[in-house]
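Let me begin by presenting the structure, written as structure tokens, before commenting on it.
The values are calculated or read from the model by the stated rules, or taken from the named source; none is laboratory data. In this text, all values refer to a predicted model and were calculated from it rather than measured experimentally. When we count neighbours, we look across all protein chains shown, and the Cβ atoms used for this are built from the backbone with ideal geometry, even at glycine. These accessible areas exclude ligands, DNA and RNA; they are computed on the full protein's heavy atoms, side chains included. Shrake-Rupley method; radii C 1.70, N 1.55, O 1.52, S 1.80 Å.
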Amino acid sequence: MKRFRRGFYMIFAILVVLACSLPGNTHLTKAKENEGSTKVQPGIEVLLESHLDWIKGKRVGLVTNPTGVDSNLVSTVDILYEHPDINLTALFGPEHGIRGDQPAGAYVESYIDERTGLPVYSLYGSTWKPSKKMLENVDVLLFDIQDVGSNVYTYIYTLGFVMEAAAEYDKEVIVLDRPNPTGGVRVEGPVRTPDTVSFMGRFLLPVRHGMTVGELATMWNHEYNLGVNLKVAKMKGWKRTMHFEDTGLPFVLTSPNIPTTETAFLYTGTELLDDTSLSTGLGTTKPFELLGAPWINGEDLADDLNGRKIKGVSFRAAYFTPMFGNYQGQRLGGVQVHIENESAINLVELGLHIVDAMKDQHPEKFKITSSYDSLIGDKRVRPMILEDRSVEEITNLWKDELNDWVHNVRNHYLLYGPYPEKAQPYKNKGVLGIFPYDLELAPGQSKDLTVISFDKDGKKINIEPSLLSWKVEGDVGSINGNTFTAEKAGTGLVTLNYKDLQGKRSVIVAQNIINNIRHSVNPGYARVVFDLNKNTDYQISEEKGLLILTVPYAEIGPPLSTNENKTITIANSPIISKVTFDIVNGHTFEARFHLKVDKVRYEDPYFSNRIVIDLMNN
């Protein structure tokens, strides 16, 4: 089948060339004249041109979406599927799905791709991290998705989960690199703190990180000791000073509400209006460019913002009516942001100035939710906004922390120039991985640690146990052989030295506390969420008509402890009626899901400090 299709496309290509030579066919003639004008080669083209040996003879899984295209807009899926020397066996899709047709946050199911007949596994919905079963027919995972440069854009965290699964199940990862639309020079905003983590993985980034996905993967592999056999198909021709329009590459909307290069650039800043009573322009033709609220006077707002002399942008008064989302059908006043000089724009300051100016018009109508902490990554910011502190005062909060991260972490993993002062191009080096990644236990609990390592050429190193040197800091526990036993509540650090490599893993020792049980009934599934004080181990078992969750070394905390009936009733679900809970055997939390059927299909996607269980209706 592949050979037939390949032959068909060769005949088609010959016909196109002949057609281009005919007079009057100006569209095709212009396309031919523009061949070779692209300044930047994306990673997919570099892989096929220079690194085909990386995947030849291997079963290939591809993580992608509609942005995975070459410089002629041919899908990476089709390129790999039609290639006679590549065995593409599985597809994996992030948020919005592999075809990009799902709305933000929508639950995406796995299915069979009609065009290729390959299984498509969803990595946004019930499963964020590829399972062992998903990877049974895969040797190497390729990641080819266009990012936008923001620390709250979910695609990069899909990459993080893919890397974790690859290390755990001994698979290779190859990142097919792409440009950062916000450039590779500026780094802005607070470095995310651990207490503001949600879906945004274990990887703590500033709001604007100024890195490509290949650079992020390289940094995470070393800084978090992931132990991944990782390669990056680097772009040719990309420079850190470039913005997307400088690359010569076609732009494919990265998600339904990022339709243009201007939107992709501004998103990192104007997204900071989210989780407030302000509109980011969703439901209009200019999301993240049109910004407002029902009580805003557009002319006054434009005058205020233009008077602030924010570098690189100007503002025009605008009135608009969102077709969906917040304030659907209501007329909003606000501004449109116009880009004048991309290189001069501090996107985080831009977003905060807009929030501040809008709030000032009617402070009593301005609202900001607790979710804003996770949006900006720093719990200090929200109260300062409400206290009407200046943007300069807010941004001064993190200057030293950001500079430290840039110079001592980020700048060690840059793959492209021009390089910052005192920074050098990253050179391949060995990597040491420690499993599990989450080392969070209760006092008295033990956990075996596994070590994996690869040299600078990606060759697996056979670990000699006698050469492993462990150290525990923080007086929270001890290691005997490769087993860590938690002893005292607190935080600590486990350090491993092996020859010339070093790995570290943070340790949290605390009693497991179940703070709350929440639920929602959605089309197709019911979700039950257990809020915890930290990540922990748990087990799920099944009996007829029951699903049973157990959490060892646990106690019930407020507000859940005030539930005298120890029952959570779930209405309007065809699959579950209630959840009952208690402490059994002295220290084990047990929750019993009372089903309306004998047996249920369920998923338990990873969330930090939560246990989430999705029960499917069919």
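Counting the residues of the stretch 441-473 that are in a loop (DSSP other than H, G, I, E, B), within 30 Å of residue 532 (Cβ to Cβ) and modelled with pLDDT under 95 gives 4.
Out of all the residues in the stretch 79-100, is one or more modelled with pLDDT of 85 or more, in a loop (DSSP other than H, G, I, E, B), open to solvent by 10 Å² or more (accessible area, probe 1.4 Å) and closer than 27 Å to residue 608 by Cβ?
So far as the stretch 79-100 goes, no, none of its residues is modelled with pLDDT of 85 or more, in a loop (DSSP other than H, G, I, E, B), open to solvent by 10 Å² or more (accessible area, probe 1.4 Å) and closer than 27 Å to residue 608 by Cβ.
Out of the residues in the stretch 499-513 that are in contact (Cβ under 8 Å) with a residue 40 or more places away in the chain and of a type in the set (Lys, Arg), state the one that is nearest to residue 556 (Cα to Cα). Ranking the candidates gives 505 first.
Listed by position, the strands (runs of 3 or more DSSP E) enclosed by the stretch 163-250 that each have at least 2 residues that are touching a residue at least 12 places away in the same chain (Cβ under 8 Å), open to solvent by 30 Å² or more (accessible area, probe 1.4 Å) and on the phi < 0 side of the Ramachandran plot are 229-233. Just one of the listed residues (477, 481, 492) is surrounded by 14 or more Cβ atoms within 10 Å (Cβ to Cβ), free of Cβ contacts under 8 Å to residues at least 24 places away in the same chain, of a type outside the set (Val, Ile, Thr) and farther than 18 Å from residue 227 by Cα, and it is 492. Check whether at least one residue in the stretch 289-310 is at pLDDT 95 or above, among the acidic types (Asp, Glu) and under 28 Å from residue 184 (Cα atoms), and report yes or no. Yes, some residue in the stretch 289-310 is at pLDDT 95 or above, among the acidic types (Asp, Glu) and under 28 Å from residue 184 (Cα atoms). Contact annotation: residue pairs with Cβ atoms under 6 Å, 6 or more positions apart or on different chains, pairing a residue in the stretch 72-92 that is polar (S, T, N, Q) with a partner that is open to solvent by 60 Å² or more (accessible area, probe 1.4 Å), are 87/59; 89/59; 89/137.
Each row is one residue, and each column tells you yes or no for (1) modelled with pLDDT under 95; (2) more than 16 Å from residue 150 (Cβ to Cβ); (3) not in a loop (DSSP other than H, G, I, E, B).
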position	(1), (2), (3)
378	no, no, no
385	no, yes, yes
393	no, yes, yes
401	no, yes, yes
406	no, yes, yes
414	no, yes, no
417	no, yes, no
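For the stretch 340-359, which residues satisfy the criterion of being over 15 Å from residue 396 (Cα atoms) and acidic (Asp, Glu)? Correct list: 340, 342, 356. The single condition among (1) more than 23 Å from the chain's Cα centre (by Cα); (2) farther than 18 Å from residue 303 by Cα; (3) open to solvent by less than 40 Å² (accessible area, probe 1.4 Å) that residue 356 does not meet is (2).
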